[in-house]
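Comments concern the structure below.
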Amino acid sequence: MSGNVPVPSKLLQEAYRPEGFQAQGQIVLERLTRYLSEAARGSIPVLSSFDPQLLRDAFQSSLQPGSGSLADQLEAVLAAAHHLHHPGFYCAQVVPVLPLCAWCEAVVALLNNSSAVFEMGPVSAALESLLVDWLAERIGYPPGSAGGALTNGGSLGNLTGLLAARQAMAGYDCWEEGMRENLRPTVLVSEQAHYCVRRAAQVMGWGSRGATSVAVDEHFRMSRQSLEVAYRQALDQGLTPLAVSASACTTSTGAYDPLEVAADFCHRYGLWLHVDGAHGASVLLSQRYRDRVRGIERADSVAWDLHKTMAMPLTTTAILFRRKDDCYRTFKQKADYLFGEGDEEPWYQGALRTLECSKRNMGLSAWMALQLYGEEFFRDYIDFTHDLAGAFATRVRACHDFELLVEPQSNIVCFRYLPPGHGGDLDALQQRLRGLVNRSGEASIGTARLNGQLYLRAVFMSPLTGIEQAERLLSLIRELACP
Ligand SMILES: Cc1ncc(COP(=O)(O)O)c(C=O)c1O
């Protein structure tokens with residue numbers, strides 16, 4: 001080691017200069033403000049990039065380490081991105097983020113306070129705890145007895161809920177002992193559930209039989225009978241059902257499993273009830289739509305994404321437990337250097353309740369939104385997007401050349417274009433139309449395979465979309481089908 005006093009290089013000094021930060025901020029602020037208004041007006045194409053390799057190559061060839069310009073790079077990023085604030089964006093369950101959140105995320109990045117433990121991120125810990133309490137109260141969990149954490153996305157949220165189910169229902173301390181050879185657990189889950197629930201069972205080492213499929217009815221919901229059939233099937237195969245994972249709602253069609261039925265079923269057989277509310281638990285904040293999740297307060301755990309139908313940035317998921325002890329039982333860990341000796345279950349040590357150690361301050365955006373706009377913001381957002389989906393479905397039903405798959409229960413609508421006299425492959429037609437719509441620049445749309453057929457799928461996520469744009473989607477499809 002030399003005796004010289006280390007001095008930060010000129011580069012380091014320049015990179016950390018507050019004046020430089022301000023100048024960069026002005027470039028980004030000015031450009032993003034213009035971007036937001038262009039996207040919201042629909043004056044840029046909804047989707048911009050279709051060829052992964054071409055895009056990668058373009059970025060690679062523009063790489064100029066050390067001499068790139070912020071303005072140019074920002075331009076390249078905006079040009080290649082999908083534009084979620086465009087009123088024609090219907091292709092995925094990602095939100096046009098509440099613009100306020102962009103500033104909150106800048107604050108989060110600059111402060112960079114982790115939320116594993118209080119010492120590393122006091123604000124993160126306090127806000128996370130308050131948000132968890134707020135959401136738990138909306139579920140209807142008894143005040144003071146519920147608990148939970150924020151985590152990175154619905155997949156992790158569902159895994160965490162099912163880890164808790166395993167620990168609570170296995171009949172021994174499997175966190176400590178590992179899986180016993182003679183126990184072959186399974187979770188009963190709708191055949192329409194998001195794949196991450198099956199993946200969670202496989203991550204836990206339960207294999208593919210760790211998730212037993214429950215059939216759905218014509219509305220794509222599990223029923224008492226189908227739960228019963230799946231339960232018997234699992235027993236016949238020598239499996240031990242530990243839990244039911246109900247969807248609120250499903251990904252493809254937005255169907256809500258009947259939670260009261262699932263809760264009664266779990267009560268009868270002594271099973272854990274987990275609710276995958278990643279997409280749709282937020283209806284709890286709407287007087288108009290909250291009946292969709294009647295019975296949710298009886299769930300042992302609920303995963304709830306704020307980055308889906310609450311307009312928050314990726315990824316902000318709450319995993320909530322009816323009994324707060326369950327969130328600590330899931331990840332019992334001794335790490336004296338972090339949590340301190342004897343620190344058993346303090347609410348402000350977030351890492352005791354999640355898979356993550358380092359974690360961004362995920363709660364700031366939701367906290368600020370709540371502070372500035374109140375719960376009404378979320379209520380209005382949910383009411384509007386769900387009303388719009390309903391109005392769109394009504395238009396689809398009224399058209400002789402479109403078929404509505406099912407009445408939407410959420411903000412997701414599945415439908416098909418059936419041009420009169422078309423004798424060809426209707427699935428191929430929907431697939432072709434999806435490609436044409438997405439390259440039109442006017443709108444973007446997805447597909448889902450249901451009842452063996454391919455459907456177009458529109459998700460109404462935006463308060464910037466009006467009924468006229470939704471109607472335009474139908475006429476656009478007609479025009480593209482018959483150029
Ligand atoms: C019902 C449902 N559950 C879970 C997930 C997974 O959530 P994430 O993408 O946040 O991991 C999704 C994603 O679309 C979903 O629709």
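The values are calculated or read from the model by the stated rules, or taken from the named source; none is laboratory data. The shown structure was predicted, so the numbers you read here are calculated from the model rather than taken from an experiment. Methodologically, a virtual Cβ is constructed for each residue, glycine included, from the backbone with ideal geometry; neighbour enumeration extends over all protein chains shown.
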Subject >> Looking only at region 166-192, and only at residues there that are of a type in the set (A, V, I, L, M, F, W, C) and surrounded by 24 or more Cβ atoms within 10 Å (Cβ to Cβ), the one that is nearest to the ligand (Cβ to nearest atom) >> reply: V189
Subject >> Those residues of region 398-440 which are closer than 19 Å to R472 by Cα, exposed (fewer than 15 other Cβ atoms within 10 Å of the Cβ), among the charged types (D, E, K, R) and without any contact (Cβ under 8 Å) to a residue 60 or more places away in the chain, in sequence order >> reply: R432
**OP:** Would you point out which residue out of R288, R232 is away from the ligand (no atom under 16 Å from the Cβ), farther than 25 Å from S145 by Cα and touching a residue at least 60 places away in the same chain (Cβ under 8 Å)?
**Re:** R288
**OP:** Might you let me know whether region 272-279 holds any residue that is assigned by TED's automatic domain parsing to the domain that holds R166, within 13 Å of the ligand (Cβ to nearest atom), surrounded by fewer than 22 Cβ atoms within 10 Å (Cβ to Cβ) and not in a helix (DSSP H, G or I)?
**Re:** no
Original post:
Would region 142-165 turn up any residue that is over 25 Å from K359 (Cα atoms) and surrounded by 15 or more Cβ atoms within 10 Å (Cβ to Cβ)?
Top reply: no
**OP:** Scan region 57-78 and give yes if some residue there is in the same structural domain as Q430 (by TED's automatic domain parsing), assigned to a loop (DSSP other than H, G, I, E, B) and either closer than 24 Å to T447 by Cα or of a type in the set (S, T, Y) (or both), otherwise no.
**Re:** no
Subject >> Failed item, numbered, when G42 is tested on (1) outside the structural domain of L456 (by TED's automatic domain parsing); (2) surrounded by 18 or more Cβ atoms within 10 Å (Cβ to Cβ) >> reply: (1)
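Considering only residues that are part of a helix (DSSP H, G or I) and over 12 Å from Y417 (Cα atoms), which ones fall in region 450-483? I'd like the intermediate steps shown before the answer.
We begin by selecting, within region 450-483, every residue part of a helix (DSSP H, G or I); these are 467-481.
Passing the criteria: I467, E468, Q469, A470, E471, R472.
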Original post:
Got a number for residues in region 424-449 being in contact with a helix residue (DSSP H, G or I) (Cβ under 8 Å, 6 or more places away or on another chain), closer than 11 Å to G88 by Cα and part of a helix (DSSP H, G or I)?
Top reply: 2
Subject >> Top-ranked residue of region 307-331 - restricted to ones that are part of a helix (DSSP H, G or I) and within 11 Å of the ligand (Cβ to nearest atom), ranked as surrounded by the most Cβ atoms within 10 Å (Cβ to Cβ) >> reply: T309
Subject >> Among the candidates N361, N411, N438, residue that is farther than 26 Å from L100 by Cα and among the polar types (S, T, N, Q) >> reply: N438
Original post:
How do the pairs read when you match residues in region 372-396 that are free of Cβ contacts under 8 Å to residues at least 60 places away in the same chain with residues anywhere that are aliphatic (A, V, I, L, M), using Cβ under 6 Å and keeping only pairs 6 or more apart or on different chains?
Top reply: A393/L404; A393/V413
Original post:
Among (1) among the hydroxyl-bearing types (S, T, Y); (2) farther than 25 Å from Y269 by Cα; (3) more than 16 Å from the ligand (Cβ to nearest atom), where does S145 come up short?
Top reply: (2)
Original post:
In region 214-250, which residues are surrounded by fewer than 22 Cβ atoms within 10 Å (Cβ to Cβ) and outside any helix (DSSP H, G or I)?
Top reply: A215, V216, D217, E218, H219, S223, Q237, G238, L239, T240
Original post:
What pairs come up if the first residue lies in region 443-458 and is buried (at least 24 other Cβ atoms within 10 Å of the Cβ), the second is part of a loop (DSSP other than H, G, I, E, B) and of a type in the set (V, I, T), and their beta carbons are under 8 Å apart, counting only those six or more places apart or on different chains?
Top reply: A443/V46; S444/V46; L456/I445; R457/I445; A458/I445
Subject >> Residues (surrounded by fewer than 16 Cβ atoms within 10 Å (Cβ to Cβ) and outside any loop (DSSP other than H, G, I, E, B)) located in region 108-132 >> reply: A109, L110, L111, P122, L130
